[in-house]
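> To start, I am sharing the structure in question, which I have written as structure tokens.
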Amino acid sequence: MNARVPVYDSGMLIALAAHKAKAVQMHRGLVRAPHRPIVPGPVLAQVWRPDPATVHAMSAVLKECTVPQARTSPAALRPTKAGQAQCIACVTPPDTADWRRIGAVLGIADLPAKKRPDTVDALVAWTAVKHRSAVVFTSDPGDITAYVEAIGADDVHLVAV
């Protein structure tokens, strides 16, 4: 896949729910990307609230995103004239070794001052690394950078929202 795979963290979802112009513009620009933006399940859980405004905004956003391994989520790859392909990284759940790696990254990441280890941010970084050449849309570029560096990847890009 030539295009970078977009991965959203909670800051991007919050910005989209609040209709922040920069986030909305970036999200709209990804509508035709071959791979839908990825929203890891824990990111969705971190942001979801049962108030009508959030439900409405998040429901609209999630129609254009994929939540890996969620049965009701749209497929990660958009259909093509040749058919429906699958993203191996999205359909393969983490195994025990992956969860251990994520935990290890929490212990060695050089986080910005006054930041505490965050499992969800580490999972976002791991998801991006797993997809190779991904781009993370985040409100915490320092945190995500620390986790990506702790993993040892150099092909993940960040966009601040």
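> For segment 7-60, how many residues meet the condition of being among the aromatic types (F, W, Y), under 23 Å from R78 (Cα atoms) and over 14 Å from the mean Cα position of the chain (by Cα)?
0
> Also, quick follow-up: Which fully enclosed helices (runs of 4 or more DSSP H) of segment 67-143 have 2 or more residues being touching a strand residue (DSSP E or B) at 6+ places or on another chain (Cβ under 7 Å)?
Passing ranges, in order: 119-131.
> Just to be sure before I move on: is L62 surrounded by 19 or more Cβ atoms within 10 Å (Cβ to Cβ), out of contact with any strand residue (DSSP E or B) (no Cβ under 7 Å at 6 or more places or on another chain), on the phi < 0 side of the Ramachandran plot and touching a residue at least 60 places away in the same chain (Cβ under 8 Å) in the structure I sent?
On the way: surrounded by 19 or more Cβ atoms within 10 Å (Cβ to Cβ): yes; out of contact with any strand residue (DSSP E or B) (no Cβ under 7 Å at 6 or more places or on another chain): yes; on the phi < 0 side of the Ramachandran plot: yes; touching a residue at least 60 places away in the same chain (Cβ under 8 Å): no.
Answer is no for this residue.
> Looking for whichever is more than 28 Å from Q25 (Cβ to Cβ), modelled with pLDDT under 95 and surrounded by fewer than 20 Cβ atoms within 10 Å (Cβ to Cβ) here; the options are A113, A85. Which one fits?
Result of the check over A113, A85: A113.
The values are calculated or read from the model by the stated rules, or taken from the named source; none is laboratory data. Because the structure is a prediction, the values reported are computed rather than measured. Backbone-built Cβ (ideal geometry, glycine too); neighbour counts: all protein chains shown.
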